[in-house]
Amino acid sequence: VQLQASGGGLVQAGGSLTLSCASSKRTSSNNGVGWFRQAPGKEREFVAGISWNGASTTYADSVEGRFTISRDRAKSAVYLQMRSLKPEDTAAYYCAASRSSYSPTVSSQYNSWGQGTEFTVSS
């Protein structure tokens, strides 16, 4: 099972960025996928999640209305579109496949983690 997040970099506050998560077909076809982030010195936190078919999405309060998660099952890819970025969004972002068809907010419910991608929001 392989997951790979990409799209990080440097962006100014108020800007936009899209992260991508590529996964093996077997991983993504029937599993929910979540995005988590971890800032230096902080615990990993849930950011957004999407169900196996894209019909259900969940967001952390801190990103609701600014971030949009989507998936393209044909490409086995999940995306995180981010806008109105804030310095506090700076972190390493990870995508993960859940143990089920949905995307719970608890990291222990995910069993396939990809390497993270980092981005910094400058003020």
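The values are calculated or read from the model by the stated rules, or taken from the named source; none is laboratory data. Quick caveat: nothing in here was measured; it's all calculated off a predicted structure. Cβ: placed from backbone, ideal geometry, glycine included. Neighbour counts: every protein chain shown. Areas reflect the complete protein model, heavy atoms only, side chains present, ligands, DNA and RNA absent. Shrake-Rupley method; radii C 1.70, N 1.55, O 1.52, S 1.80 Å.
Some points to look at:
- Residue order by solvent-accessible surface for Lys75, Lys86 is Lys75, Lys86, largest first, with ligands and nucleic acids left out and a 1.4 Å probe.
- Entry note, the chain: relative contact order of 37 percent, from Cα contacts under 8 Å with a spacing of 6+ residues.
- Given 16 as the ceiling on other Cβ atoms within 10 Å, longest exposed-site-free region of the chain for GluC sites (Glu not before Pro) in DSSP loops: 65-123
- Isotropic mean projected area of the C-alpha convex hull, the chain (nm²): 6.5 nm²
- Region 1-55 and region 78-123 have Cα centres spaced 4 Å apart.
- Counting Lys and Arg as +1 and Asp and Glu as -1 over every other residue whose Cβ lies under 14 Å from the Cβ of Tyr79, the net charge comes to +3.
- Gaussian network model of the chain, springs between alpha carbon atoms under 10 Å - residue of Gly49, Gly15, Gly32 with greatest fluctuation: Gly15
- Global form of region 58-121, assessed from the alpha-carbon gyration tensor, a/c cut-off 1.5: prolate
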